[in-house]
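Heads up: the structure comes next, in structure tokens.
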Amino acid sequence: MKKVIGAIWAFVLAGVYCSAQDTTVVTLDDAIRIALSENVSVRVADKEIERAKFEKRGAYASLFPDVNGTGSFQRTIKKQVMYMDGMSGASMLGDIFSPIITALEQNGIHVDMGQDDQASESSSSSGGISVGRWNTFNGGVSATMPLVNAQLWESLKISGQSVELAVEQARSSRLEAVTQVKQSYFAVLLAKEAFNVYKDVYENAMENLVNVQRKFDVNKVSELELTRAKANVAAAIPNVYNAESSVMLALWQLKAVMGVDLEMNIDTAGKLSDYAEHMFYDIHQNDEIDLDMNTTMRQLAIQADQLASTIKMQKYAYLPTLSLAFSYSMNAMTNDFKFSQYKWTPYSYVGISLNIPIFSGGKRHSALQAAKIQAQNLDLRRSETERQLKIAIRQYLNTMETNMKSYGSAQEAETLARKAYDISQRAYFVGKSTLTDLHDAELVLTQARLGTCQAIYNFVNAKASLEQLLGNDFINEE
């Protein structure tokens, strides 16, 4: 019997603890540092900061000239026809300009009337004059630049505030990651403490079974006593398996929030009782607690600034704007594709344009009123959020205070329960108590030990949440 149960116990231990050379032991600070560099939510938040910065740069680019190159080609399918009163066709137009054309050609200048045989026939038959050429080429460059635009300037301020909001959101992700790591780390320590408790219960049950078996072999105890001892051992094994599963799941959760490979073997350093000496907190300092570093309130404050700038921007939509424009282009109109013989005609201009808003159907007014209502809603949200956060502070403080008191009582209960168990064990060995009495004493000791660990865990878990709420994080400490 002892060999069989001992083999089961060895298997349980092998499932929980890997060899030292395959396991990486991390402290709480190490786990937080790893999470701040590997956690997915933190990395996504950093990318959001980069995105906001690029958007800000794109917004500031509106202050510089916007230069564009253009190029186009048009092939005329049907030329336009021009009609003139008192003229019957293109021939009359030729008769009018014939003396001028003749004089130019005598001086070596060729004049093209811009018509081919097909077009001439069409014009003659219709009584109009075809104008234009079959091919039109155009290429150039244009530039525009705002000179006075109050609405644009205010929008640049909003872009800068968007970067601030992204930075604060990244800080919120870091705070959340730090809290998750702390709570997951403490959950591992709690699971390991529970495992140790149930391991001790199992070992005590095994020791009692061995002693009862010896007494049974010499006819000093009944078979009922031996059966009870075996039942105690059998009842202890499922608790050990459950504790083992809890440790493994807690370690997986810790690896997930750290952002490391889930197949990596890690273990936590220290014990949950190491944090008992830090269970001191001035519960009455609530009157001095403020929410200046709370990330939710800071995000709402930045959003309020953005809405204030948005309201100004909507008001500035009523102001005139002044902009500078420049354009330079080259044009060529031909009937063929002999590029070397093309005559390119330049065209350019520079000017200043003034845009004065007069009427937009109430669009600007509606946008302004919508922004004001949005700002009012944000004020209501800020008030309600602040109220809820103060309630949460009180809840965390009450939880910490309760568990501080519970820890003292649990320690005393554990000391008394251990003493009672030792007395019951010695009394059982000398035959002055029954195995049932010993089992009851052990059950009370187990509950007291678990109560002590639970009080520590509840305290540090609530403290981690309170530190996140107040904005006290690992980053500030570093």
Can we say Ile358 is exposed (fewer than 14 other Cβ atoms within 10 Å of the Cβ), at negative phi, among the β-branched types (Val, Ile, Thr) and assigned to a helix (DSSP H, G or I)? no
Can you pull out every residue in the stretch 221-234 that is of a type in the set (D, E, K, R) and without any contact (Cβ under 8 Å) to a residue 60 or more places away in the chain? Glu223
Just to be sure, is Asn403 assigned by TED's automatic domain parsing to the domain that holds Val212, within 49 Å of the chain's Cα centre (by Cα) and not in a helix (DSSP H, G or I)? no
Within the stretch 396-414, count every residue that is free of Cβ contacts under 8 Å to residues at least 60 places away in the same chain and over 30 Å from Ala441 (Cα atoms). 1
Would it be correct to say that Ala194 is touching a residue at least 24 places away in the same chain (Cβ under 8 Å), farther than 14 Å from Val26 by Cα, buried (at least 17 other Cβ atoms within 10 Å of the Cβ) and in contact with a Cys (Cβ under 8 Å, 6 or more places away or on another chain)? yes
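To keep it simple, each residue is scored yes or no on (1) in contact with an Asp or Glu (Cβ under 6 Å, 6 or more places away or on another chain); (2) part of a helix (DSSP H, G or I); (3) not small (Gly, Ala, Ser).
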{"position": "Leu189", "(1), (2), (3)": "no, yes, yes"}
{"position": "Lys192", "(1), (2), (3)": "no, yes, yes"}
{"position": "Lys199", "(1), (2), (3)": "no, yes, yes"}
{"position": "Val210", "(1), (2), (3)": "no, yes, yes"}
{"position": "Ala236", "(1), (2), (3)": "no, yes, no"}
{"position": "Leu262", "(1), (2), (3)": "no, no, yes"}
{"position": "Asp274", "(1), (2), (3)": "no, yes, yes"}
Residues of the stretch 48-80 being of a type outside the set (A, V, I, L, M) and within 27 Å of the chain's Cα centre (by Cα), in sequence order, are Glu48, Glu50, Arg51, Lys53, Phe54, Glu55, Lys56, Arg57, Gly58, Tyr60
Gly86 vs. criteria surrounded by fewer than 13 Cβ atoms within 10 Å (Cβ to Cβ), at positive phi, assigned to a loop (DSSP other than H, G, I, E, B) and modelled with pLDDT under 60: yes
For residues that are within 58 Å of the chain's Cα centre (by Cα) and in a loop (DSSP other than H, G, I, E, B), tally how many sit in the stretch 327-355. 1
Could you count how many residues in the stretch 32-61 are surrounded by fewer than 16 Cβ atoms within 10 Å (Cβ to Cβ) and either outside any helix (DSSP H, G or I) or on the phi > 0 side of the Ramachandran plot (or both)? 0
Given (1) aromatic (Phe, Trp, Tyr); (2) surrounded by fewer than 16 Cβ atoms within 10 Å (Cβ to Cβ); (3) in contact (Cβ under 8 Å) with a residue 60 or more places away in the chain, Phe339 misses just (3)
Failed condition for Ser409, given (1) closer than 26 Å to Asn208 by Cβ; (2) among the hydroxyl-bearing types (Ser, Thr, Tyr); (3) at pLDDT below 90: (1)
Please identify the pairs in which a residue from the stretch 178-189 that is more than 16 Å from Ala455 (Cα to Cα) has its Cβ atom under 7 Å from the Cβ atom of a residue that is acidic (Asp, Glu), counting only partners at least 6 apart or on another chain. Val178/Asp473
So, of the residues in the stretch 132-161 that are among the hydroxyl-bearing types (Ser, Thr, Tyr) and either surrounded by fewer than 17 Cβ atoms within 10 Å (Cβ to Cβ) or over 24 Å from the mean Cα position of the chain (by Cα) (or both), which turns out to be nearest to Gly471 (Cα to Cα)? Ser155
The condition of being buried (at least 17 other Cβ atoms within 10 Å of the Cβ), assigned to a helix (DSSP H, G or I) and touching a Ser or Thr at 6+ places or on another chain (Cβ under 6 Å) holds, among Ala417, Ala441, only for Ala441
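The values are calculated or read from the model by the stated rules, or taken from the named source; none is laboratory data. No experiment lies behind these values; they were computed from the predicted model shown. FYI the Cβ positions are ideal-geometry reconstructions off the backbone, even for glycines, and counts take in every protein chain you see.
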